């Protein structure tokens, strides 16, 4: 019987007593008393009180066989230092790499460069208007960065054209992740004479001082 089952039986026994269902309470009491793990646990506690250490060690091992430890929690998903996604006809490919010390990051932080390529795979020209980055460090601390354009530009991409740029991200921890979105608009008016605005997803990618995969930070969320 597992520890979880033990607690469930004890809770059921308490509920039966509270409801004055004494027949059920007696049945549950007998089930609990017949549990070999409970008998060994009681004997183990008695051996420890009597300082019969050899007996206690033997009983401890027997108890461990009956009550194996719970399985470890599942490992957190890992995030590579690159990603690719296509949204509304625009492909966004990005990768990151760690920068050496002295690269201009504030003291006590880790520096990462990221490289972005945006390709218009649609049938109309589109213009990049702005960006929204979600930066998450290894402790789950989140920072949002918003702005117009990228590196001071708002490029126009005709069908089949690409635009590439790179930028820089300081981080308090040696690893973390980034995700986000770019805001675009079609370069030609829609049916009602207005420019159609849309977002392009940046799939989550890792920032890692060893340029490997990083565990998904706790509480990580995409925009």
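The values are calculated or read from the model by the stated rules, or taken from the named source; none is laboratory data. Treat the numbers as computed from the prediction; the structure is a model and nothing was measured. Cβ coordinates were reconstructed from backbone atoms using ideal geometry, including for glycine residues, and neighbour counts include every protein chain displayed.
Taken over region 143-153, the criterion of being surrounded by 14 or more Cβ atoms within 10 Å (Cβ to Cβ) and over 16 Å from residue 96 (Cβ atoms) is satisfied by 149 alone. The residue pairs whose first member lies in region 64-85 and is within 30 Å of residue 119 (Cα to Cα), whose second member is modelled with pLDDT under 80, and whose beta carbons are closer than 9 Å, counting only pairs six or more residues apart or on different chains, are 79/220.
Against the conditions (1) closer than 28 Å to residue 76 by Cβ; (2) surrounded by 14 or more Cβ atoms within 10 Å (Cβ to Cβ); (3) in contact (Cβ under 8 Å) with a residue 24 or more places away in the chain, residue 126 satisfies every one except (1).
If you check residue 28 against the conditions, is it modelled with pLDDT of 85 or more and either assigned by TED's automatic domain parsing to the domain that holds residue 201 or over 37 Å from the mean Cα position of the chain (by Cα) (or both)? Against the criterion (modelled with pLDDT of 85 or more and either assigned by TED's automatic domain parsing to the domain that holds residue 201 or over 37 Å from the mean Cα position of the chain (by Cα) (or both)), residue 28 does not qualify. Residue 129 meets the stated requirement of being touching a strand residue (DSSP E or B) at 6+ places or on another chain (Cβ under 9 Å) and over 20 Å from residue 81 (Cβ atoms). When every residue of region 132-142 is checked against the conditions, at least one turns out to be modelled with pLDDT of 95 or more, surrounded by fewer than 17 Cβ atoms within 10 Å (Cβ to Cβ), out of contact with any helix residue (DSSP H, G or I) (no Cβ under 7 Å at 6 or more places or on another chain) and within 25 Å of residue 89 (Cβ to Cβ). Summed over region 13-25, residues that are at pLDDT 75 or above, surrounded by 13 or more Cβ atoms within 10 Å (Cβ to Cβ) and part of a helix (DSSP H, G or I) total 3.
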